[in-house]
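**Q** Here it is, the structure, as structure tokens.
The values are calculated or read from the model by the stated rules, or taken from the named source; none is laboratory data. Because the structure is predicted, anything quoted here is derived from the model rather than measured. Positions of Cβ are backbone-derived with ideal geometry, glycine not excepted, and every protein chain shown enters the neighbour counts.
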Amino acid sequence: MAAHPQKYKRFTLRQRLYIPEILRGMMLTLKFLFRKKSTLQYPEEKHEFPVGYRGVPRLIMGPNNVERCVACKLCEVVCPPVAIYIEAEEFPNQDVRERRPKVFQIDFGRCINCGFCEEACPVEAIEMSQAVEIVGETREELVYQKEALLQIPEDPRRALLRGLGG
């Protein structure tokens, strides 16, 4: 059996000139031209992120102004871009707990804000904040130490995610 060639529908002159498609595109452009603009004037106006938004990781202080982190290094192991570095030291009061981080660094030049560190932490010492403005002129300025990570502000709406808020 011989294969029969397909017969294609011939376009009219109007279809070949693409005039209907051009007019349809112009109408779509005009429709968006008269809509309300959604541009924010950035430094003066801040964008309101949703409650579950994953900004940069931050460390959490526990009770009595002692950091919650026990230097288990699970967040360091699970971090895909290897942006977290931890050195452990003994905690002064061994009755309270064994270790704490002597050095806790996050390189925000490498961090991809995936949230794996938050999921891996057994003591909930690290969480994703709402902060997005991490700025540095050099790579060294993007490496945050433990003290700087503790200073990243908490979003008060996070209590809703934890079920503590009303």
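**Q** Within the group V103, V78, which residue is in contact (Cβ under 8 Å) with a residue 40 or more places away in the chain and under 22 Å from G52 (Cα atoms)? Talk me through it step by step, then tell me what you get.
**A** Numbers: V103 fails: under 22 Å from G52 (Cα atoms).
Of V103, V78, the one residue that is in contact (Cβ under 8 Å) with a residue 40 or more places away in the chain and under 22 Å from G52 (Cα atoms) is V78.
**Q** Only one of these is out of contact with any helix residue (DSSP H, G or I) (no Cβ under 9 Å at 6 or more places or on another chain), modelled with pLDDT of 85 or more and exposed (fewer than 10 other Cβ atoms within 10 Å of the Cβ): L40, L13, L30. Name it.
**A** Details: L40 fails: exposed (fewer than 10 other Cβ atoms within 10 Å of the Cβ); L13 fails: modelled with pLDDT of 85 or more.
None of the others qualify; the one that does is L30.
**Q** Test each condition in (1) part of a loop (DSSP other than H, G, I, E, B); (2) free of Cβ contacts under 8 Å to residues at least 40 places away in the same chain for G55 and report the one that comes out false.
**A** Checking G55 against (1) part of a loop (DSSP other than H, G, I, E, B); (2) free of Cβ contacts under 8 Å to residues at least 40 places away in the same chain, the one that fails is (2).
Condition check ((1) of a type in the set (A, V, I, L, M, F, W, C); (2) outside any loop (DSSP other than H, G, I, E, B)) across all residues:
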| position | (1), (2) |
| --- | --- |
| Q6 | no, no |
| R10 | no, no |
| R14 | no, yes |
| L23 | yes, yes |
| M27 | yes, yes |
| R35 | no, no |
| L40 | yes, no |
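**Q** Taking the options A131, A148, A125, name whichever one is closer than 20 Å to E67 by Cβ and touching a Gly at 6+ places or on another chain (Cβ under 6 Å).
**A** On the way: A148 fails: touching a Gly at 6+ places or on another chain (Cβ under 6 Å); A125 fails: touching a Gly at 6+ places or on another chain (Cβ under 6 Å).
Answer to the selection: A131.
**Q** Also, quick follow-up: May I ask you to list pairs of residues, at least six apart or on different chains, whose Cβ atoms are under 7 Å apart, with the first in the stretch 146-166 being under 19 Å from G62 (Cβ atoms) and the second being at pLDDT below 70 and outside any helix (DSSP H, G or I)?
**A** A159/G165
**Q** Filtering the stretch 98-155 down to residues that are of a type in the set (A, V, I, L, M) and assigned to a strand (DSSP E or B), which residue is surrounded by the most Cβ atoms within 10 Å (Cβ to Cβ)?
**A** Going through the stretch 98-155, the residues of a type in the set (A, V, I, L, M) turn out to be 103, 106, 112, 120, 123, 125-126, 128, 131-132, 134-135, 142-143, 148-150, 152.
Add one more test, that the residue is assigned to a strand (DSSP E or B), and what stays is 103, 106, 126, 128, 143.
Details: V103: 12, I106: 28, I126: 24, M128: 20, V143: 17.
My answer is I106.
**Q** Now, a different point. Can you find a residue that is of a type in the set (A, V, I, L, M) and touching an Asp or Glu at 6+ places or on another chain (Cβ under 6 Å) anywhere in the stretch 35-50? Explain how you work it out, then say what you get.
**A** Step one: filter the stretch 35-50 for residues of a type in the set (A, V, I, L, M), giving 40.
Of the ones still in play, those that are also touching an Asp or Glu at 6+ places or on another chain (Cβ under 6 Å) are none.
No.
**Q** Here is a further query. Filter the stretch 57-100 for residues that are hydrophobic (A, V, I, L, M, F, W, C) and out of contact with any strand residue (DSSP E or B) (no Cβ under 7 Å at 6 or more places or on another chain); which is modelled with the lowest pLDDT?
**A** Here is the first cut: in the stretch 57-100, the residues hydrophobic (A, V, I, L, M, F, W, C) are 59-61, 66, 69-72, 74-75, 77-79, 82-84, 86, 88, 91, 96.
Still in the list and also out of contact with any strand residue (DSSP E or B) (no Cβ under 7 Å at 6 or more places or on another chain): 66, 72, 74, 77-79, 82, 96.
Values: V66: 86, C72: 94, L74: 96, V77: 96, V78: 97, C79: 96, V82: 96, V96: 83.
That would be V96.
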